[in-house]
Amino acid sequence: LLPLEAAIRAAVRPGSTALNVVTGPYGETFGGWLRSCGAEVVTVTAPFSGAVRPEQVADALREHPEIDFVSLVHAEAATGNTNPVAEIGAVVREHGALLMLDAVASVAAEPLLTDEWGVDLCVIGGQKAMAGP
């Protein structure tokens with residue numbers, strides 16, 4: 001978890017407004033870290049049995065033009081859902097916010113095209129799909 005928290009703390013400052021996408025327990029954890037950095041947090045949720053829709057993200061960005069940071073989990077290990085990063089990345093890029101992606105569970109299990117998808121910060125780990133230490 002330390003690299004995920006470090007990425008948030010490196011990019012978010014007091015006065016930031018962050019969109020936190022919650023589709024499982026890791027997304028919930030990000031909200032606490034964002035608040036502890038002094039950010040105002042806007043939350044978009046989806047049932048833990050499904051993914052967030054890009055339209056939900058677009059709506060939140062339209063309603064809160066001050067959002068400058070978006071946190072998203074690619075694949076929630078606890079729930080098995082995978083969010084549509086390419087489509088969400090396009091919406092975030094159009095808005096002009098930074099996109100942080102938690103790809104710890106998805107690296108080597110799902111396509112991960114960070115440059116193509118417009119991901120600004122991406123945290124991966126070898127302990128899940130790659131079965132590393």
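The values are calculated or read from the model by the stated rules, or taken from the named source; none is laboratory data. Predicted, not measured: the structure shown is a model, and the values here were computed from it. When we count neighbours, we look across all protein chains shown, and the Cβ atoms used for this are built from the backbone with ideal geometry, even at glycine. Each accessible area value is taken on the protein alone, full model and side chains, heavy atoms only, with ligands, DNA and RNA left out. Shrake-Rupley method; radii C 1.70, N 1.55, O 1.52, S 1.80 Å.
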**Prompt:** Taking the Cα centre of segment 53-108 as the origin and placing charges on Cβ (Lys, Arg +1; Asp, Glu -1), which of Leu61, Ala97, Ala77 is farthest toward the positive end of the dipole?
**Reply:** Ala77
**Fill in**
Whole-percent carbon and sulfur contribution to the accessible surface of segment 56-133 (1.4 Å, no ligands, DNA or RNA) stands at 52
**Prompt:** With every protein chain left in place, what is the accessible area of Leu113 in Å² (1.4 Å probe, nearest 10)?
**Reply:** 80
**Asked** Taking the Cα centre of each part, how many Å lie between segment 31-79 and segment 81-107?
**Response** 10
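Can you give me the Rg/Rh ratio for segment 1-43, using Cα atoms for both radii and the Kirkwood formula for Rh?
Details: Rg = 9.4 Å, Rh = 10.1 Å.
In segment 1-43, Rg relative to Rh is 0.93.
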**Item:** Label selected from [x] 14.4; [y] 19.6; [z] 15.6, the criterion being Kirkwood radius over Cα pairs in Å as computed here
**Value:** [x]
**Request:** Have a look at segment 19-80 and give its Rg and Dmax from the Cα atoms, expressed in angstrom.
**Result:** 11.3, 32
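Counting DSSP beta bridges in the chain, what percent are antiparallel, to the nearest 5?
5
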**Prompt:** What residues from segment 1-28 fall in the zone where the backbone N is under 15 Å from a label point 7 Å along the Cα-to-C-beta line of Glu40?
**Reply:** 13-20
**Fill in**
Of the convex hull drawn through the C-alpha atoms of segment 87-133, the volume per residue in Å³ is 59
**Item:** Among Ala39, Ala18, Ile8 - extreme Cα towards positive end, dipole of segment 1-86, charges at beta-carbon
**Value:** Ile8
**Request:** Note down the relative contact order for the chain as a percent, whole number, built from C-alpha pairs under 8 angstrom at least six residues apart.
**Result:** 22
**Item:** Exposure ranking of Ser36, Ser106 by accessible area [1.4 Å probe, largest first]
**Value:** Ser36, Ser106
